[in-house]
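Heads up, the thing below is written out as structure tokens.
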Amino acid sequence: MAKRLMGKPVVEALAREIGAHGQVLAERGIAPGLALVRVGERPDDLSYERTAEKRACALGVQVKKTVLPEDAAQDAIEAAIRSVNEDAAVHGCLMFRPLPSGIDEQAVCDALATEKDIDGVSSAALASVFMDRDLGFAPCTAAACMKLLDFYDVALEGAHVVVVGRSLVIGKPIAMMLLRRNATVTLCHSRTADLPAVMRGADIVVCATGRPRMFKAECFSAGQTVLDVGINFDDEGNLCGDVDFDEVEPIVAAITPVPGGIGSVTTSVLMAHTVEAAVRKLDA
Ligand code: NDP
């Protein structure tokens with residue numbers, strides 16, 4: 001049986017780090033502030049918003065919510081982002097995505113000040129990840145994967161990591177973050193030839209495709225560490241990852257479960273980035 005790489009101890013370690021930073025800020029009379037910007041009432045956004053508010057409350061992060069109607073115009077959404085930029089009490093901003101169709105989402109993301117872009121959505125923040133520079137913050141889910149790998153002391157230098165999925169939210173940024181740590185990275189996608197063979201050859205596999213339980217025993221080999229980033233629902237409405245956990249757990253050395261793995265770390269990383277943004281502002 002594989003070791004289960006649970007998110008909870010990573011979350012607890014992050015809470016200790018956040019607490020230490022929070023104390024430094026409190027001594028200077030600063031409360032870290034997180035802006036949540038939502039357009040419309042998508043159930044996914046509402047659920048993420050509730051989780052973020054709960055976690056923020058537990059960690060002493062002040063939340064400021066801006067809610068715009070589903071039919072909000074581009075100008076109105078960008079104006080809301082500019083208000084966040086100008087609000088001195090806000091150190092970080094999470095904007096729920098995707099935005100409604102017809103909205104130029106990248107233009108909205110690029111309106112956000114880099115120093116407040118704690119989820120790495122702007123071109124500047126992403127460029128900083130791709131250039132190995134720490135000018136902004138990496139996307140929270142990619143950063144959560146790195147936190148989890150480090151927490152469990154998974155050796156990255158020289159390791160062959162196969163990342164399946166090439167989105168700007170997870171696949172591409174985590175590939176860059178792993179390269180920076182001297183891993184050898186293969187970035188796969190829906191057109192990769194003989195994907196199971198490529199996956200079997202890896203030391204570490206990161207699955208981020210959004211395909212419920214698609215990766216079965218044939219894709220894995222003994223000794224591997226598997227990070228399942230997928231948050232999916234199967235036909236019966238059960239939450240599951242991209243990996244068929246029951247088939248794969250007996251084969252590999254270590255694996256993140258869904259739920260209870262990466263997903264639970266992502267919200268904590270959001271809070272850690274908010275607090276770090278407040279500290280960076282103080283230092284500046
Ligand atoms: P996207 O839909 O943006 O990207 C999916 C990627 O998977 C694409 O690059 C696509 O390839 C690839 N892909 C799709 N089907 C296959 C296939 N059959 N074989 C190989 N590759 C395939 O998804 P996201 O990156 O936004 O999200 C991925 C998953 O992560 C989802 O389940 C999402 O819910 C979850 N997620 C989890 C978070 C967390 O905190 N744990 C946060 C955010 C998302 P191609 O480019 O060729 O189309």
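The values are calculated or read from the model by the stated rules, or taken from the named source; none is laboratory data. None of the values given here were measured: they were computed from a predicted structure. In this analysis, Cβ positions are derived from the backbone assuming ideal geometry, glycine residues included, and neighbour counts consider all displayed protein chains.
Which one is nearest to Glu105 (Cα to Cα) among residues in the range 141-173 that are β-branched (Val, Ile, Thr) and within 10 Å of the ligand (Cβ to nearest atom)?
Initially, the range 141-173 is screened for residues β-branched (Val, Ile, Thr), giving 141, 154, 161-164, 169-170.
If we keep only those that are within 10 Å of the ligand (Cβ to nearest atom) too, we end up with 141, 163-164, 169-170.
Working: Thr141: 19, Val163: 25, Val164: 24, Val169: 13, Ile170: 17 Å.
If we take residues in the range 141-173 being β-branched (Val, Ile, Thr) and within 10 Å of the ligand (Cβ to nearest atom), then Val169 is nearest to Glu105 (Cα to Cα).
Looking only at the range 83-101, which residues are under 25 Å from Ser268 (Cα atoms), out of contact with any Leu (no Cβ under 9 Å at 6 or more places or on another chain) and touching a residue at least 24 places away in the same chain (Cβ under 8 Å)?
Asp87, Ala89, Arg97, Leu99 - these are the residues of the range 83-101 that are under 25 Å from Ser268 (Cα atoms), out of contact with any Leu (no Cβ under 9 Å at 6 or more places or on another chain) and touching a residue at least 24 places away in the same chain (Cβ under 8 Å).
Please go through the range 112-146 and pick out each residue that is over 24 Å from Val10 (Cβ atoms), assigned to a loop (DSSP other than H, G, I, E, B) and touching a residue at least 60 places away in the same chain (Cβ under 8 Å).
Matches in the range 112-146: none.
Got at least one residue in the range 59-68 being assigned by TED's automatic domain parsing to the domain that holds Asp104, under 16 Å from Ala272 (Cβ atoms) and modelled with pLDDT under 95?
Step one: list which residues in the range 59-68 are assigned by TED's automatic domain parsing to the domain that holds Asp104, which gives 59-68.
Imposing the further condition that a residue be under 16 Å from Ala272 (Cβ atoms) reduces the set to 59-63.
Next, from what is left, pick out any that are modelled with pLDDT under 95: 59-60.
Taking every residue of the range 59-68 in turn, at least one turns out to be assigned by TED's automatic domain parsing to the domain that holds Asp104, under 16 Å from Ala272 (Cβ atoms) and modelled with pLDDT under 95.
Please count how many residues of the range 10-45 are closer than 26 Å to Phe233 by Cβ and loosely packed, with under 13 Cβ neighbours inside 10 Å. Break it down into steps so the answer makes sense when it comes.
From the range 10-45, those closer than 26 Å to Phe233 by Cβ are 10-11, 36-45; that's our starting set.
This time we only want the ones that are loosely packed, with under 13 Cβ neighbours inside 10 Å, so: 41, 43-44.
The total comes to 3.
Per-residue answers, yes or no, for (1) over 15 Å from Pro139 (Cβ atoms); (2) outside the structural domain of Leu156 (by TED's automatic domain parsing); (3) free of Cβ contacts under 8 Å to residues at least 24 places away in the same chain:
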| position | (1), (2), (3) |
| --- | --- |
| Thr225 | yes, no, no |
| Gly237 | yes, no, yes |
| Cys240 | yes, no, no |
| Asp246 | yes, no, yes |
| Ile255 | yes, no, no |
| Leu270 | no, yes, no |
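Do we have any residue at all in the range 82-92 that's away from the ligand (no atom under 16 Å from the Cβ) and touching a Pro at 6+ places or on another chain (Cβ under 6 Å)?
First, pick out the residues of the range 82-92 that are away from the ligand (no atom under 16 Å from the Cβ): 82-92.
Among the residues that remain, those that are also touching a Pro at 6+ places or on another chain (Cβ under 6 Å) are: 91.
Within the range 82-92, one or more residues are away from the ligand (no atom under 16 Å from the Cβ) and touching a Pro at 6+ places or on another chain (Cβ under 6 Å).
Could you grab me the full set of residues in the range 253-265 that are more than 9 Å from the ligand (Cβ to nearest atom), assigned to a loop (DSSP other than H, G, I, E, B) and of a type in the set (A, V, I, L, M, F, W, C)?
Ala253
Among the residues of the range 210-218, are any under 24 Å from Asp153 (Cα atoms), near the ligand (Cβ under 10 Å from one of its atoms) and touching a residue at least 24 places away in the same chain (Cβ under 8 Å)? Talk me through it step by step, then tell me what you get.
Step one: of the range 210-218, the residues under 24 Å from Asp153 (Cα atoms) are none.
Looking for residues that are under 24 Å from Asp153 (Cα atoms), near the ligand (Cβ under 10 Å from one of its atoms) and touching a residue at least 24 places away in the same chain (Cβ under 8 Å), one finds none in the range 210-218, hence no.
Among the residues of the range 180-200, is any within 11 Å of the ligand (Cβ to nearest atom), out of contact with any Pro (no Cβ under 6 Å at 6 or more places or on another chain) and among the hydroxyl-bearing types (Ser, Thr, Tyr)?
Yes, the range 180-200 contains at least one residue that is within 11 Å of the ligand (Cβ to nearest atom), out of contact with any Pro (no Cβ under 6 Å at 6 or more places or on another chain) and among the hydroxyl-bearing types (Ser, Thr, Tyr).
Just a yes or no: is a residue in the range 267-276 farther than 18 Å from Gly7 by Cβ and either near the ligand (Cβ under 10 Å from one of its atoms) or surrounded by fewer than 24 Cβ atoms within 10 Å (Cβ to Cβ) (or both)?
Going through the range 267-276, the residues farther than 18 Å from Gly7 by Cβ turn out to be 274-276.
Applying the additional criterion that residues be either near the ligand (Cβ under 10 Å from one of its atoms) or surrounded by fewer than 24 Cβ atoms within 10 Å (Cβ to Cβ) (or both) yields 276.
Checking the range 267-276: at least one residue is farther than 18 Å from Gly7 by Cβ and either near the ligand (Cβ under 10 Å from one of its atoms) or surrounded by fewer than 24 Cβ atoms within 10 Å (Cβ to Cβ) (or both).
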